[in-house]
Amino acid sequence: KMFSFNFVFISFHVTCKLIGSSQPVHATDGGEVILPCWVDPTTDVTDRTVDWKKGGADNMVHTYRNGMDDESAQENRFKGRTALFLEKMTTGNLSLKLSNVTMNDSGTYTCSLRRKAESGSCSTDIVLHVGEHIHATDGGEVILPCWVDPRTDVRDRTVEWKKDKVDIVHVYRHGADDDDLQKERFRGRTSLFHDEMATGNLSLKLSNVTMNDSGTYRCSLRRNATFCNTSIVLHVGEHSHTTSLRCLMPTFNSLSKINLCLNLSCFLNI
């Protein structure tokens with residue numbers, strides 16, 4: 001008897017999705033900045049190749065391959081100024097920290113991920129704006145960005161924004177905005193980005209900005225006995241400026257150690 005066999009080969013293409021920043025990232029000259037990049041869903045990427053490039057294919061900012069950083073193709077001007085969060089790569093964190101930021105660092109950065117066994121790669125773009133001064137006009141609006149790192153769902157937390165340690169600017173608790181204690185002059189002018197709080201966005205938008213809005217704003221986050229906060233200085237007028245700040249952020253499942261960071265910048269939208 002004659003037997004014939006038909007073989008059907010099925011190939012699976014593993015796809016990935018990288019999440020960066022939907023809005024430009026702002027930094028100040030001489031400071032440091034974190035360019036966010038995350039794998040969705042959470043995946044261990046320690047065995048992958050990670051490339052960060054600026055502008056075009058020849059501008060290599062940072063490369064990670066074979067389980068370690070590889071500086072062989074890195075642009076000289078980035079040497080010694082870049083770092084990945086190696087201890088967080090098991091959870092899909094590809095974010096890049098860039099130190100001693102200069103005006104020339106402004107531009108579009110591409111974060112890409114690939115593995116030898118896979119035929120393709122995935123990538124996302126992040127826009128970085130570097131400047132000493134950001135200008136706004138009286139009557140415009142301002143966004144005070146505040147993000148939790150690592151990205152954490154904060155919808156069940158209490159978020160509070162204060163000005164000069166006294167005036168309540170905005171309060172979010174029990175899953176909703178609470179204006180009971182809000183200072184009268186801020187009513188109807190503040191809002192959070194509710195649709196992004198699941199990914200740790202605590203940013204505040206302040207509309208109809210006036211000269212009296214200049215001052216120090218404090219963003220705080222708490223749940224039960226756990227509390228953290230940071231301050232942002234806002235200047236409204238012809239010569240307002242941007243300020244990048246960092247603070248320590250506690251992990252909510254471990255109250256004994258405070259070992260995370262929150263990267264903030266204050267910028268004005270005209």
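Only strands (runs of 3 or more DSSP E) wholly contained in segment 157-255 count here; list those with 1 or more residues that are farther than 25 Å from GLY20 by Cα, of a type in the set (A, V, I, L, M) and modelled with pLDDT under 95.
Working: elements: 158-163, 167-173, 190-192, 204-206, 215-223, 226-234, 243-249.
The strands (runs of 3 or more DSSP E) meeting that bar are 226-234.
In segment 159-186, which residue that is of a type in the set (Asp, Glu) and in contact with a strand residue (DSSP E or B) (Cβ under 9 Å, 6 or more places away or on another chain) is surrounded by the most Cβ atoms within 10 Å (Cβ to Cβ)? Working first, answer last.
Initial filter on segment 159-186 (of a type in the set (Asp, Glu)): 160, 164, 167, 177-180, 184.
Of the ones still in play, those that are also in contact with a strand residue (DSSP E or B) (Cβ under 9 Å, 6 or more places away or on another chain) are 160, 164, 167, 177-180.
On the way: GLU160: 20, ASP164: 12, ASP167: 16, ASP177: 15, ASP178: 15, ASP179: 15, ASP180: 7.
That would be GLU160.
Kindly indicate whether any position in segment 77-92 is touching a Gly at 6+ places or on another chain (Cβ under 6 Å) and either closer than 16 Å to HIS62 by Cα or at pLDDT below 85 (or both). Scanning segment 77-92, I find no residue that is touching a Gly at 6+ places or on another chain (Cβ under 6 Å) and either closer than 16 Å to HIS62 by Cα or at pLDDT below 85 (or both), so the answer is no. Among residues belonging to segment 57-105 that are among the aromatic types (Phe, Trp, Tyr) and within 25 Å of THR42 (Cα to Cα), point out the one that is surrounded by the most Cβ atoms within 10 Å (Cβ to Cβ). Out of the qualifying residues, it is TYR64. Exactly one residue among ASP29, ASP47 is modelled with pLDDT of 85 or more and in a loop (DSSP other than H, G, I, E, B), and that residue is ASP47.
Picking from SER4, SER21, SER11, which residue would you name as being modelled with pLDDT under 90, part of a loop (DSSP other than H, G, I, E, B), surrounded by 11 or more Cβ atoms within 10 Å (Cβ to Cβ) and polar (S, T, N, Q)? Lay out the reasoning, then the answer.
On the way: SER4 fails: surrounded by 11 or more Cβ atoms within 10 Å (Cβ to Cβ); SER11 fails: surrounded by 11 or more Cβ atoms within 10 Å (Cβ to Cβ).
Result: SER21 is the single residue among SER4, SER21, SER11 that is modelled with pLDDT under 90, part of a loop (DSSP other than H, G, I, E, B), surrounded by 11 or more Cβ atoms within 10 Å (Cβ to Cβ) and polar (S, T, N, Q).
Applying a threshold of 6 Å to beta carbon distances and a minimum spacing of six or more residues, or different chains, the list of pairs starting in segment 195-215 at a residue that is assigned by TED's automatic domain parsing to the domain that holds THR158 and at positive phi and ending at one that is in a loop (DSSP other than H, G, I, E, B) and not hydroxyl-bearing (Ser, Thr, Tyr) reads GLY200/VAL148; GLY200/ARG151; GLY200/VAL154; ASN208/ARG189; GLY215/ASP164. Might you let me know whether segment 32-51 holds any residue that is farther than 17 Å from LEU18 by Cα and in contact (Cβ under 8 Å) with a residue 12 or more places away in the chain? The answer is yes, given that some residue of segment 32-51 is farther than 17 Å from LEU18 by Cα and in contact (Cβ under 8 Å) with a residue 12 or more places away in the chain. Within the set THR82, THR42, THR91, THR46, the sole residue that is in contact with a helix residue (DSSP H, G or I) (Cβ under 8 Å, 6 or more places away or on another chain) and either of a type in the set (Gly, Ala, Ser) or closer than 30 Å to ILE143 by Cα (or both) turns out to be THR42.
Looking only at residues in segment 187-212 that are among the hydroxyl-bearing types (Ser, Thr, Tyr) and in contact with a helix residue (DSSP H, G or I) (Cβ under 9 Å, 6 or more places away or on another chain), the one that is surrounded by the most Cβ atoms within 10 Å (Cβ to Cβ) is SER203. Here LYS54 fulfils each of the conditions (1) modelled with pLDDT under 95; (2) over 30 Å from ASP195 (Cα atoms); (3) of a type in the set (D, E, K, R); (4) surrounded by 13 or more Cβ atoms within 10 Å (Cβ to Cβ) apart from (2).
The values are calculated or read from the model by the stated rules, or taken from the named source; none is laboratory data. Just so you know, these numbers come straight off a predicted model, no measurement behind them. Ideal geometry is used to build each Cβ from the backbone, glycine not excepted, and the neighbour counts take in all protein chains shown.
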